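Right, one structure below, let's go through it.
The values are calculated or read from the model by the stated rules, or taken from the named source; none is laboratory data. Treat the numbers as computed from the prediction; the structure is a model and nothing was measured. Using ideal geometry, Cβ is built from the backbone for each residue, glycine included, and neighbour counts are taken over all protein chains shown. All accessible areas refer to the heavy atoms of the entire protein, side chains included, with ligands and DNA or RNA removed. Shrake-Rupley method; radii C 1.70, N 1.55, O 1.52, S 1.80 Å.
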Amino acid sequence: MNFVALKMLFGDRAKYLMLLAGLTFSTMLIVQQGSIFWGLMTWSMSGITNVNAPIWVTDPNINQVEEIKPLADTAVTRVRSVPGVKWAVPLYKGVQRARLRDGNFEQIALVGIDPSTLIGRPHTIMEGKIEDLRAPEAVAVDQLGVERLGGPDKVFVGATFEINDHRARIVAIVKTQKSFQNFPFVYMTYERALSITPAERRKLSYVLVSPMEGVPTEQLVRRIRKETGLGAYTEEQFGWKTIGWILKNTGIGVNFGTTVLLGFVVGMAIAGQTFYLFTVENLKQFGALKAIGASTGMLARMILLQSFTVGVIGYGVGVGLATLFGLTVGSGGRLPFKETWPLLVGVFVALLMICSLSSVISIRKLAKLEPAVVFRG
Amino acid sequence: MDKRLDQNIQVLEGEFPQWLVRATGVTKAFGEGHTKIPVLKGVDLEVARGEVLLLVGPSGSGKTTLLSVIAGILDADDGDVTILGETIRDFSPAEKTRFRRDHLGFIFQQYHLLPTLTAAENAAVPLLIRGVSKQEAVARAEEVLRTVGMGGRLAALPTKLSGGEQQRVAIARALVGEPQLLLCDEPTASLDAETGHRIVGQIRENGKKPDRAVIIVTHDSRIFEFGDRIVHMDDGQVHQIQQGPEAFN
């Protein structure tokens, strides 16, 4: 009877298209909003992921990566003394002002990395050599920096600009993950960063750590906390801590959650109502099938097949449209759009729930349907 | 036509003593308490193998309810219905559904064809319900449709068929599973006289076999000549049974 179920579904073109539109819209909305949400979360973690260190040592009361609470300079040596630490290097992170050649100012996220190891440098070098950061006045600028500081005509390897009235010469163009604040990243050596930034009692933002071979990262994290009294997190823990803080302290979670819920409800309402209408309009036909010998189970399977078929098609179209949106509107990192497989699996499960729940109403109607209805004129 | 029917009835009287359907003391009421309305009041009825029986009577006399009880679609409050030696009351709802699927055929007044299936696919539905493959079911349905004169409209959708053609598809759907008992509810109600005659003639032709029987609920006196017996119902009871030529007067 699968064939009959599918012909009933596709034959009633108006209702089929309405169902498809409802489920497509629902999928697209959930995937699009979910991808933007996860894109924003990825941006919020960029301060961590761009650095690529297994362990972050912080002030014990830190909430998230952008909330910098500087440490005493001695923190680096204290951490180095913890058994199981392979290396520990300082990292400076702070928002500074860059003056462009046309006299305008632009805020930048300045990152000072260990000059000897260059730990904390970005993953991808697009132009120039990151090792040249060790040269006097040298800086590396990310792709957003190229755009914000004057465009490729003015910002290139060899070009100069000013940070806090200090000359900065570009030695490399790097690729980074955008940050939540949308500031361009500028890299220089740790010591130079300390020398050009305003005077403060403490300037060490973080200590980056790697465990020795055979030492579990989480175990070392616990040990650093215990022996130094500082905060210590694995890269993943620090990322989730940052996300948790954002969800708790901004309306982002509620906002996106509401939209996703809306997508779910709208999808279910349209699918449920259309399915119910479809069932009610074909009640006599279903009654005839029951009289002829189709069991309620068989009719339920037909309804579920119809529901899941249109659901899977709607899912495909919805994901396709959301992806297209991401590829066009969100191309080049202009919009935080991160479509991940767990999101797609989650949306698929949600869609199956929508289909199942909307089918239940129809199945209940059919279960209660007396086949004697077919003898009433 | 009348002469041939007369001959058939004579043959029936002599050759079919065995009942295919037997209803004894069947009662059925709808509603509860003071709103309870008795619709069947102790109906006794037997249908012989190879017999075409017409159930007639005014609206509200209980014909359709009796048909539903015989089909196992409605449960009798009291009394028994035995079909092919099986007592319907003893069946679970699932067994009743299976029994209908395997042994009964239905023709409805409003046809109830699935609008998105072609004539051949509609006629194949009972076989599909039995689990026969689509290809085989449609092939067998096409054969039956040809026997009812619908060979030229196999791929037509119900909306493209006339009332008579739709009813012939419904007949094909009822016959494709070779049911032993064919139950028809006002099969000619929406048809003109000529089409009605042709349709009931086909129903009768298929019912006149030793292992089969047909029960037709009808108001249409134009088709009385096709019945072997005519059972008149009134007020939930069998009022009169006419047999042979007397029925047609």
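For this structure, a couple of remarks:
- Breaking point among (1) touching an Asp or Glu at 6+ places or on another chain (Cβ under 8 Å); (2) modelled with pLDDT under 90; (3) of a type in the set (A, V, I, L, M), for B:Leu20: (2)
- When we screen A:Gly112, A:Gly34, A:Gly47 for residues that are modelled with pLDDT under 90, surrounded by 23 or more Cβ atoms within 10 Å (Cβ to Cβ) and more than 14 Å from chain B (Cβ to nearest Cβ), the only hit is A:Gly47.
- For the condition charged (D, E, K, R) and surrounded by 14 or more Cβ atoms within 10 Å (Cβ to Cβ), A:Arg167 does not qualify.
- Of all residues making up the stretch A:6-56, the number that are more than 30 Å from the chain's Cα centre (by Cα) and either assigned by TED's automatic domain parsing to the domain that holds A:Leu208 or of a type in the set (Ser, Thr, Tyr) (or both): 1
- For B:His197: the one exception among (1) more than 12 Å from chain A (Cβ to nearest Cβ); (2) open to solvent by 10 Å² or more (accessible area, probe 1.4 Å); (3) over 22 Å from B:Gly151 (Cβ atoms): (3)
- Selection within the stretch B:54-87 - surrounded by fewer than 21 Cβ atoms within 10 Å (Cβ to Cβ) and away from chain A (no Cβ under 11 Å): B:Pro58, B:Gly60, B:Asp77, B:Asp78, B:Gly79, B:Asp80, B:Thr82, B:Leu84, B:Gly85, B:Glu86, B:Thr87
- Hits in the stretch B:98-109 - residues which are within 7 Å of chain A (Cβ to nearest Cβ) and open to solvent by less than 20 Å² (accessible area, probe 1.4 Å): B:Arg100, B:Phe106, B:Phe108
Every residue, every condition in (1) closer than 30 Å to B:Thr188 by Cα; (2) hydrophobic (A, V, I, L, M, F, W, C); (3) away from chain B (no Cβ under 14 Å), yes or no:
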site	(1), (2), (3)
A:Thr279	yes, no, no
A:Lys290	yes, no, no
A:Gly314	no, no, yes
A:Leu335	no, yes, yes
A:Gly346	no, no, yes
A:Ile354	no, yes, yes
A:Glu370	yes, no, no
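- Of all residues in the stretch B:21-49, those that are open to solvent by 80 Å² or more (accessible area, probe 1.4 Å) and under 29 Å from B:Lys209 (Cβ atoms) total 2.
- Scope the stretch A:56-84; condition closer than 20 Å to A:Pro211 by Cα, open to solvent by less than 10 Å² (accessible area, probe 1.4 Å) and outside any loop (DSSP other than H, G, I, E, B); matching residues: A:Trp56, A:Val57, A:Thr58, A:Ala75, A:Val79
- Note on the stretch B:87-116: residues that are among the aliphatic types (A, V, I, L, M) and over 15 Å from B:Val69 (Cα atoms) total 4.
- Residue count for the stretch B:137-174 satisfying the condition of being within 12 Å of another protein chain (Cβ to nearest Cβ) and in a helix (DSSP H, G or I): 7.
- The stretch A:17-31 - residue that is crowded, with 20+ Cβ neighbours inside 10 Å and not aliphatic (A, V, I, L, M) and, of those, nearest to the other protein chains (Cβ to nearest Cβ): A:Gly22
- Considering the stretch B:114-136, and only residues there that are open to solvent by 50 Å² or more (accessible area, probe 1.4 Å) and part of a helix (DSSP H, G or I), the residue that is nearest to the other protein chains (Cβ to nearest Cβ) turns out to be B:Lys134.
- Scanning the stretch A:292-301 for residues that are more than 7 Å from chain B (Cβ to nearest Cβ) and touching a Phe, Trp or Tyr at 6+ places or on another chain (Cβ under 9 Å) gives a single hit, A:Leu299.
- In the stretch A:356-368, the residues that are within 14 Å of another protein chain (Cβ to nearest Cβ) and hydrophobic (A, V, I, L, M, F, W, C): A:Leu366, A:Ala367
- Conditions (1) over 30 Å from the mean Cα position of the chain (by Cα); (2) in a helix (DSSP H, G or I): number failed by A:Glu213: (2)
- Note on the stretch A:278-377: enclosed helices (runs of 4 or more DSSP H) holding 3 or more residues that are farther than 15 Å from A:Val4 by Cβ, of a type in the set (Phe, Trp, Tyr) and touching a residue at least 40 places away in the same chain (Cβ under 8 Å) are A:296-328.
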